[in-house]
Amino acid sequence: MTTRLPKLVAFDLDYTLWDFWVDTHVHPPLKRDHVTGKVIDSQRKPKTIDFYKDVPQIMHRLQAAGVTIAACSRTDAPSLAREALDLILIPPRTGSDSSAKPIPAIKFFDQLEIYPSSKIRHFKQLHEKTGIPYDEMLFFDDEWRNQEVEELGVTFTLVPNGLNDRILEKGLEEWRKRHPVQVTEDVVEADETLIS
């Protein structure tokens, strides 16, 4: 089985990486507790702002493999989404040295397309900024309507209940199936002197 990865993996935010709509369920200002590291909003009963359980290790895995990581969100609260990404801390990679410190989630993202618009526009911007071909892009989103990016050649994977390792693997498997490795074998002509 191949371990080939797309050059760019993009994620929607709301109900893909975290379990809320940042523009309706979260109330600024956000703050990070200096003891626990948890991020909360300013509601009377504060909402904890965090990723789904498997997301941190997924981010580490993709970053370590040199994959360009992008966020594509049509939220009406782009500055609040960026603030959440800046405040959420991703723990060190499992097995890393004990002195490793948590990293703000935003540092894992190479590209941010976070503004009200269609996902088609988001991906056209990603293509323009990175030069990465659409067929080298994989997109995870919780809304089926955003499958429209496949018109560009992007592979789309539906995330029904938040991103996890199983959904990541499903998306990678589909992308690999659509874009098999092109193996070119050299044709070696038999040397007449070796045959005799």
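So the values come out like this:
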| quantity | calculated |
| --- | --- |
| Angle in degrees between helix 119-130 and the longest Cα principal axis of the chain, rounded to the nearest 10 | 60 |
| Helix 78-87 axis, angle to the chain major axis (alpha carbon atoms, nearest 10°) | 80 |
| Percent accessible area from carbon and sulfur atoms, the chain, protein chains only, probe 1.4 Å | 51 |
| Accessible surface, per residue, of the stretch 1-137 when the full set of protein chains is kept, probe 1.4 Å, Å² | 52 |
| Beta bridge orientation in the chain: antiparallel %, DSSP, nearest 5 | 30 |
| Mean Cα-pair separation over length for the chain, i.e. relative contact order, pairs under 8 Å, 6 or more apart, % | 25 |
| Cα long-axis angle, helix 55-64 against the chain (0 to 90 degrees, to the nearest 10) | 40 |
| Within-13-Å neighbourhood charge of Asp86 [Cβ basis; K, R +1; D, E -1] | +3 |
| Under 22 Å from the Cα of Lys177 - lysines, other chains or at least 8 residues apart | Lys7 |
| Neighbour net charge for Thr75 - beta-carbon separation under 9 angstrom, K R +1, D E -1 | -2 |
| Where His27, His122 fall by accessible area, highest first, once all protein chains stay in place (1.4 Å) | His27, His122 |
| Size of electric dipole in the stretch 40-183: Cβ of Lys, Arg +1 and of Asp, Glu -1, about Cα centre, debye, nearest 20 | 300 |
| Summed side-chain charge close to Thr3 - residues other than Thr3 whose Cβ falls under 13 Å, Lys, Arg +1, Asp, Glu -1 | +1 |
| Set Lys101/Lys129; Lys119/Lys170; Lys38/Lys101 screened for pairs whose C-alpha atoms are more than 24 Å apart | Lys101/Lys129 |
| Charge dipole of the chain about the Cα centre (unit charges at C-beta), most positive-ward option of Asn161, Phe139, Trp18 | Trp18 |
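The values are calculated or read from the model by the stated rules, or taken from the named source; none is laboratory data. Because the structure is a prediction, the values reported are computed rather than measured. FYI the Cβ positions are ideal-geometry reconstructions off the backbone, even for glycines, and counts take in every protein chain you see. Surface areas here come from the heavy atoms of the whole protein model, side chains and all, with no ligands, DNA or RNA. Shrake-Rupley method; radii C 1.70, N 1.55, O 1.52, S 1.80 Å.
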